[in-house]
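**Student:** One structure is given below, represented as structure tokens, and several questions about it will come after.
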Amino acid sequence: MTEKKTIKKSSLDELFKKIKSGGKRILAPVDKNGKILFEEVDSPGSVASDYIQTTLSAKDAVLPRCEEMLRFKTEQSAVAIEENFNTPEPTVIFGVRPCDARSFAVMNAVYTKEYPDVFFKSKIDNTVVIGVSCAKSDEYCFCTSVNGSPGSTEGSDILLTPINTDNYLAEILTDNGKAIVSLAPELFTAAGNEDKAKSLADVKIQFDVKQLEKKLPGIFDSAVWITQSLRCIGCGTCSYVCPACTCFDIQDETDGSKGVRLRCWDSCGFGQFTLHTSGHNPREVQSQRWRQRIMHKFSYQPDQLQVVGCVGCGRCSRACPVDMNILQHIKDILEAQ
Amino acid sequence: MEEKNVYQPYLMRIASIIEETPDVRTFRLEFINESEGKNFKFNAGQFGEYSVFGEGESTFCIASSPTRDGYIECTFRKVGRVTKALASREVGDTIGFRGPYGNIFPIDQWKGKSLLFVTGGIALPPLRCVIWNSLDLRDNFKDITIVYGARSVQDLVYKHELEEWGKRGDVKLITTVDPGGETKEWKGEVGFVPVVLEKASPLSANTIALLCGPPIMIKLTLPILTKLGFSPENIFTTLENRMKCGIGKCGRCNVGKYFVCKDGPVFTFAQVNQLPPEY
């Protein structure tokens, strides 16, 4: 049962102190020369104040862009494998947008169901998510079209909604959330009948994601994939900024006799992603790769894992160097033959 | 770490090396940790990630039969960074192996049936596992026919085993090399696999066909099998999409709603025909 409380914005300073002295680091959105990025902070003073969406999501905290999955030492013909590396740091991520908080469900579905991935799991199990609802949105946002909302509680342990200039409504959603409140219960006051909805951005539903899922298998051979991707340069930026993209590459690096095996973010937008040793490539051209991106997120993942692989954050559209707008493209796909 | 790291390979000792062709090698691998070896079980059709520490991992099938305990074998062609590094290893060296991954050939369900293996070049290794598995349980099956081709005599893999199968009275082996690939001493057929298969015309009644080869061979052989009376449900293959993790996470072997690594690699052509053509 969700508990509703209020907390003064000015009390966050004290709350951050308590969290830190409780042994957790705090990651929060910080303004780095105009880019809003999650960084470790000591106090709310460092947290960026005015932004619609962070430039990158907090995915990096649980699925780093490059992380060790093996450590080894080679000595002539023998190999020794090291244990106890890549251990998680107890973390509170503050200021996660509700769309991004929903992306943890996609990552969980990929990484914790079959063959649980211990590196992801240990990080997510040591992470508390304090979400902050969206009071503003822009033309790229479409969370409501993919089952989310600017005030969605899904994926957050505590969701803060700014109900006026001085106060947040705090929805305490999980045991992890309760544990944070119990660090400084005096900072929280029982909520009255605060109207959360009036503090939220108005994000209109722009397409029916169920209808999209139904339609996609039938338009695999449509010309729409070619038309839309003619200007795609295959840079992979869309995957890089996506909070729900989870595909990765595995590479070894060595320093003398010591070495590591690394898992690094990868993208289905790259031609090498599927290139066989023989030279055969099942997805030879960019239109096939663009189709894979849409199919995987909106057809295959709903089918395989019962999650939509897109949370409507709009980052791929904002960051695309050739201005491919996913929202417009989805609308066109829904019209395609 | 309390929980198991699914990416941590078993350490394997190279027990023996066979040079099949100038660029193809077969390794016999034994578990360095004996209890890991005792607990290791797999079935025909499964694969693994083989690694040279410091170079990376590469995906191949397990080419030996699950009926042979105490070791696994893999056969690979020296092509990329990892396979080149593998090929430079020597007997006694340590390499890594993760697996077994993927689904299996349902050979338990094929009791009383005949088996037809049709394969070419470096695609024999995944079927060699099934061939030895069925030969080790020979009484379970009726006729066993193997049609195997390569570009040239030099490119045939498992030459000693081909000789052994050829001598057995309970296996019908047809080997062929592409025109121009024969030597003076060559006693097998000369011609492409589909042509040789059609000439041999094996019976399709109560028979399972296992087809594995380069895309062009598959494309030209399928119509022949159909002509011989095989239904897509009775033709099995193993898909070989590029993989990294082998366990349905890294994303690259995704074809439609399936991952080749986890939902395959073994598919019937009835299933393959339902897939988007991305394999």
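Read-outs: derived from the displayed coordinates by stated rules, not from any lab. Just so it is clear, the model here is predicted, and its values are computed rather than measured. In this analysis, Cβ positions are derived from the backbone assuming ideal geometry, glycine residues included, and neighbour counts consider all displayed protein chains.
**Student:** Which aspartates and glutamates have a Cα lying under 18 Å from the Cα of residue B:219, excluding residues fewer than 8 positions away in the same chain?
**Tutor:** B:178, B:198, B:233, B:240, B:278
**Student:** Set the Förster distance to 51 Å, then compute FRET efficiency between residue A:135 and residue B:201 from the Cβ-Cβ distance, nearest 0.05.
**Tutor:** In this case the efficiency is close to 0.10.
**Student:** 7 Å from Cα along Cα→Cβ at both residue A:335 and residue B:163: what's the point-to-point distance in nm?
**Tutor:** Calculated label separation equals 7.0 nm.
**Student:** Quickly estimate the mean residue ellipticity at 222 nm for chain B, helices only: each DSSP H run with n ≥ 4 gives -39500 (n - 2.57), and the total goes over all residues, rounded to 500.
**Tutor:** -6000 deg cm²/dmol
**Student:** With 26 Å as the limit, write out which pairs from A:35/A:59; A:136/A:215; A:210/B:249; A:59/A:136; A:123/B:249 have Cα-Cα distances beyond it, or answer none.
**Tutor:** Violating the 26 Å Cα-Cα cut-off are A:136/A:215.
**Student:** First measure r as the distance between the Cβ atoms of residue A:253 and residue B:16, then evaluate 1/(1 + (r/R0)^6) with R0 = 45 Å and state the FRET efficiency to the nearest 0.05.
**Tutor:** Rounded to the nearest 0.05, the efficiency is 0.90.
**Student:** Right, here's the next one. Can you tell me the mean projection area, over all orientations, of the convex hull of chain B's alpha carbons? Units nm², please.
**Tutor:** 15.2
**Student:** Any idea how far apart residue B:137 and residue B:81 come out in nm if each label point goes 7 Å out from Cα toward Cβ?
**Tutor:** 4.0
**Student:** Would you mind checking A:258/B:244; B:41/B:113; A:18/A:204; A:297/B:227; A:121/B:244 for any pair whose Cα atoms are more than 28 angstrom apart?
**Tutor:** On the way: A:258/B:244 22 Å; B:41/B:113 25 Å; A:18/A:204 38 Å; A:297/B:227 40 Å; A:121/B:244 20 Å.
Where the Cα-Cα span goes over 28 Å, the pairs concerned are A:18/A:204; A:297/B:227.
**Student:** Shielding of A:250-259 by partners, i.e. mean partner chain Cβ atoms within 10 Å per residue?
**Tutor:** Average per residue, whole number: 4.
**Student:** Enter the per residue convex hull volume of chain A, computed from alpha-carbon coordinates, in Å³ rounded to the nearest integer.
**Tutor:** Details: hull volume 54.9 nm³, N = 337.
Each residue corresponds to 163 Å³ of Cα convex hull volume.
**Student:** Over the whole of B:5-17, what's the average partner chain Cβ count within 10 Å per residue? Rounded to a whole number, please.
**Tutor:** Numbers: counts 9, 7, 10, 8, 5, 1, 5, 1, 2, 1, 0, 0, 0.
Partner Cβ neighbours, averaged per residue: 4.
**Student:** Which value at 222 nm does chain A reach when only helices count, each DSSP H run of 4 or more adding -39,500 (n - 2.57), with the total divided by all residues and rounded to the nearest 500 deg cm²/dmol?
**Tutor:** -7500 deg cm²/dmol, from helical runs alone.
**Student:** Give me the one-decimal Kirkwood hydrodynamic radius in Å for segment B:234-279, with the sum taken over alpha-carbon pairs.
**Tutor:** 10.5
**Student:** Taking 7 Å along the Cα-to-C-beta vector as the label spot, tell me the residue B:5-residue B:190 distance in nanometres, rounded to one decimal.
**Tutor:** Going from the residue B:5 label point to the residue B:190 one covers 5.5 nm.
**Student:** Moving on to the next point. Select from B:218, B:201, B:230 the residue farthest towards the positive end of the dipole of segment B:174-260; place +1 on Cβ of Lys and Arg, -1 on Cβ of Asp and Glu, and compute about the Cα centre.
**Tutor:** B:218
**Student:** How much of the DSSP bridge set in the protein assembly as shown is antiparallel, in percent, rounded to the nearest 5?
**Tutor:** 70
**Student:** Report the antiparallel proportion of the DSSP beta bridges in segment B:169-269 as a percent, rounded to a multiple of 5.
**Tutor:** Antiparallel bridges make up about 55 percent of those DSSP assigns within segment B:169-269.
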